[in-house]
Amino acid sequence: MSAISREEVAHLAMLARIDLAPEELDLMADQLGVILDAVAQVQKVATEDVPATSHPIPLTNVTRPDVPRPGLTAEEALSGAPAAEDQRFRVPRILEED
Amino acid sequence: MPTDATTPTADDLTRRSAAELATALAAGEVSSVEVTRAHLDRIAAVDGGERGVHAFLHVAAEAALAAAGAVDTARAAGEELPPLAGVPVAVKDVMTTVGMPTTCGSRILSGWVPPYDATVVRRLRDARLVILGKTNMDEFAMGSSTEHSAYGPTRNPWDLDRIPGGSGGGSAAAVAAFEAPLATGTDTGGSIRQPAAVTGTVGVKPTYGGVSRYGIVAMASSLDQPGPCGRTVLDTALLHEVMAGYDPMDSTSLTDPVPPVVEAARQGDVAGMRIAVVRELSGDGYQDGVRARFSEAVDALVDAGAKVVEVSCPSFTAALGAYYLIMPSEVSSNLARFDAMRYGLRVPPEGVADPTAEQVMCATRAAGFGAEVKRRIILGTYALSSGYYDAYYGSAQKVRTLIQRDFAAAFAEADVVVSPTAPTTAFRLGEKLDDPLAMYLNDVATIPVNLAGLPGMSLPAGLADEDGLPVGLQIVAPARADDRLYRVGAALERVLLARWGGPLLDRAPALATAEVTR
């Protein structure tokens, strides 16, 4: 079984910016192990000579004319904000205390 | 109570197809307000309460009646109106809607009202359809049962203790329970087709890029594709035509003209067409009743003049694995936007005075996302980490190439490919909730189609003998040949309706009003 440790899950959760409770870490480690086992078969069929596909329908250099047009107003853009001030998003502090 | 034959009853109106309603509306036999009110009444009767269907997260009764009234006024004034003007439609809650909440079935977007319409929603409004409300779904479209909705599951109208499929279980159930003649969906790994299969309705995932993704909250951008849900092949085609077409706001939108889907649905002729059955999508793991109805439907296509060939697509056995690497990888990136800063939920961490933005982010995402969403974000973060990237994400992308090659080989021998849509009929609520992998396996036949970007349809093939529940048949066509789905689907539907002596949904036991009202 593709073991994935509790510590690894905690690290991934930190990277993904999700606080996980201790019991969630255990459950998630177990479940991810089972899922990774099941998906590991891709490594057997994906041989060197097979090119990768990132997009189902090949498209290149998609552009549209660069024409100015009205966007959202400040009020519309801020309409769903958890907090706003002076027509701006109000956010918690971004620096650690020093 | 005696009914007047000249005045349609509310029950009649909700049981009519969108095509029939459009004809009656155009002829002035019924008003859009009457049609809309009939559907709102039906929603009020069957959707709420402990044992309600719970297809809707939000019912926009007032706005719907206003839109319907405007259509009636325009028609009375002699205005030229689009074909589906005045016909009601339900919208999956993953599509942004001005004036209506858009939650994606997630707590993190509870109460959020977007400042813009998705292109699909804009097109529905331009075509003068009447939006009844927003339908329930697995959180951010991640699931096969709607049990991952933060607002409680939708129930299958055929059996209220069973799942309606997912992620678009709300849209499929709304259509199956006659709460709406049409609904929109999105399909990343089967979220339109599998709910259609288990509710006895029709659902189509168009060619990738055929319908704009602008304003659709992204799950896995290289796989997501919006499409129509309905009770008949023709209705689904009519909605497909409204939804589809080039959109400069979506850089992956196809510039090709929309395939002639409505014409194909009206013709429904399979004489001389070659139909491939995929060996890997019908054997082990498929319920007996699913296999029986599927092979009878294939025989029906032969009776209608089609030729059947068997093809092998060996790489399909690795499709589920590739999907559960590519999809979570894209999920982990797409869902980074829910950062508690610009919109949606903001939860301060417990016991921290003056927390940082990062701490607020971590606490909000912990409180706002459900277990399945967290699982997929973490899995995707893992698959994309350095050291694992080549083995997991890189290999999965190679499998994607192999799946495309298998489909190309099949289409060298046949015009369309068919299979059962799902390996089982609707399972019981709660049955697979603790076993994510078992839940994922329900999409084994639909996933290869998304990985290859192809168009696919599910339509009813009959009821399984062992449980009396609907079985879906999947049709897959080459990219940009969506019209073939409708040609084959309409031909099969005609043969099967004649065999059944009427629509399958007429036989759904839980649909009787007494059963669904609390």
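Observations on the structure shown:
- Bridge type composition, chain B - antiparallel percent by DSSP, nearest 5: 65
- Total accessible surface hidden between B and A, rounded to 100 Å², 1.4 Å probe: 5100
- The alpha carbon centroids of the stretch B:176-219 and the stretch B:27-104 are separated by 18 Å.
- Seen from a random direction on average, the alpha-carbon convex hull of chain B projects onto 24.4 square nanometres.
- Helix axis angle, A:6-15 relative to chain A longest principal axis, alpha carbon, degrees: 20
- Dividing the summed -39500 (n - 2.57) terms of all DSSP H runs of n ≥ 4 by the residue count of chain B sets its mean residue ellipticity at 222 nm at -11500 deg cm²/dmol.
- Protein accessible area in chain B, 1.4 Å probe - carbon and sulfur %: 52
- Put simply, the amide H of B:SER110, placed in the peptide plane, has neighbours under 5 Å in B:LEU345, leaving out anything fewer than 5 places away on its chain.
- The aspartates and glutamates whose alpha-carbon is closer than 14 Å to the alpha-carbon of A:LYS44, local same-chain residues fewer than 8 away aside, are B:ASP390.
- Accessible surface, per residue, of the protein assembly as shown when the full set of protein chains is kept, probe 1.4 Å, Å²: 38
- Measuring heavy-atom accessible area with a 1.4 angstrom probe and counting protein chains only, the residues of the stretch B:361-399 that give up at least 50 Å² relative to the chain alone are B:CYS362, B:LYS374, B:ARG375, B:ILE378, B:LEU379, B:THR381, B:TYR382, B:TYR392, B:GLN397, B:LYS398.
- Complex-versus-alone comparison for the stretch A:15-31, residues with a loss of 40 Å² or more in accessible area, probe 1.4 Å: A:ALA16, A:ARG17, A:ILE18, A:ASP19, A:MET28, A:GLN31
- For a straight C-alpha distance cut-off of 21 angstrom, the lysines reachable from B:LYS205 (same-chain residues fewer than eight places away being disregarded) are B:LYS92, B:LYS134.
- Extending 7 Å from the Cα toward the beta-carbon at both A:ASP86 and B:ASP390 defines two label points whose distance is 5.1 nm.
- Cα-derived Rg over Rh, computed across the stretch B:239-336 with Rh taken as Kirkwood radius: 1.07
- Rounded FRET efficiency, nearest 0.05, which uses the C-beta distance separating B:GLU50 from A:MET14 and R0 of 45 Å: 0.65
- Förster radius 30 Å - calculated FRET efficiency between A:GLU23 and B:ALA353 (Cβ-Cβ, nearest 0.05): 0.70
- Rg/Rg_ref, the stretch A:1-88, where Rg_ref = 2.2 N^0.38 Å and atoms are Cα: 1.86
- Rounded percent of accessible protein surface that carbon and sulfur make up, chain A, 1.4 Å probe: 53
- Taken residue by residue and averaged, Cβ atoms of other chains lying within 10 Å of the Cβ of A:76-82 number 6.
- For chain B, averaging the sequence separation of C-alpha pairs within contact (under 8 Å, six or more residues apart) and dividing by the residue count gives a relative contact order of 18 percent.
- Amide H contacts for B:VAL308 (H built 1.01 Å from N in the peptide plane; partners 5 or more residues away or on another chain; cut-off under 5 Å): B:ILE275.
- Those aspartates and glutamates that a straight Cα-Cα span of less than 17 Å connects to B:LYS307, excepting residues fewer than 8 apart in one chain: B:ASP269, B:GLU296, B:ASP299, B:GLU413, B:ASP415
- Volume per residue that the Cα convex hull of the stretch B:168-265 spans, once the total is divided by residue count, Å³: 86
- Taking a ≥ b ≥ c as the square roots of the eigenvalues of the alpha-carbon gyration tensor, the protein assembly as shown is classed oblate because a/c is 1.5 or more while a/b is no larger than b/c.
- Calculated FRET efficiency for the pair B:VAL113/A:ASP66, C-beta based, R₀ 25 Å, to 0.05: 0.25
The values are calculated or read from the model by the stated rules, or taken from the named source; none is laboratory data. Just so it is clear, the structure is predicted and the values come from calculations on it, not from any experiment. With ideal geometry, Cβ positions are generated from the backbone for all residues, glycine too; neighbour counts draw on all protein chains shown. Calculation scope for accessible area: heavy atoms of the full protein, side chains included, ligands and nucleic acids excluded. Shrake-Rupley method; radii C 1.70, N 1.55, O 1.52, S 1.80 Å.
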